[in-house]
Amino acid sequence: MEAQAVGELVFKKYGRTTAGERVQWVRRYLSSGLTHREFCRRYGISTTTLAVWQRQLREQQQQAAAARQSELTECKPVLKEVPLASVLGGGRWAGELSFQSGTVLRFAAELPPALMKEIIQGVIC
């Protein structure tokens, strides 16, 4: 089996490469400053093979980004009823959260810290 070494990375000309090795080869290519053809010629990799590895890595990154975005959009706040009599103790505010939407959430000084924490966690998700 012919092999071409780059640091600790070895291209096995007729062997199979692992997913991790393919990612390393693509990253090595992207940081090399070489053209696609020059890089492949230098390390004995088929230009088609490297292009397929790049496409696979790009698709994996897009899927991971979509999954992260999906997790963020699926995050729904849980609303909890809070009796106003226990919260409105004379207008003294212990804290205030302002959101980009213009919504302001104020916390009365008498609000138990545990309840304040629960409300903030529910809003931020």
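Under 8 Å by Cβ, and 6 or more places apart or on different chains, what pairs join a residue from the range 34-47 that is touching a residue at least 40 places away in the same chain (Cβ under 8 Å) with one that is loosely packed, with under 12 Cβ neighbours inside 10 Å and of a type outside the set (K, R)?
G44/E2
Is it the case that F39 is at pLDDT below 90 and of a type in the set (F, W, Y)?
For F39, the condition - at pLDDT below 90 and of a type in the set (F, W, Y) - is not met.
Go through (1) at pLDDT below 80; (2) loosely packed, with under 10 Cβ neighbours inside 10 Å for T18 and report which single condition fails.
Answer for T18: the failing condition is (1).
The values are calculated or read from the model by the stated rules, or taken from the named source; none is laboratory data. Model, not experiment: these values are computed from the prediction. Because the Cβ atoms are built from the backbone with ideal geometry, glycine has one as well, and the counts that use them run over all protein chains shown.
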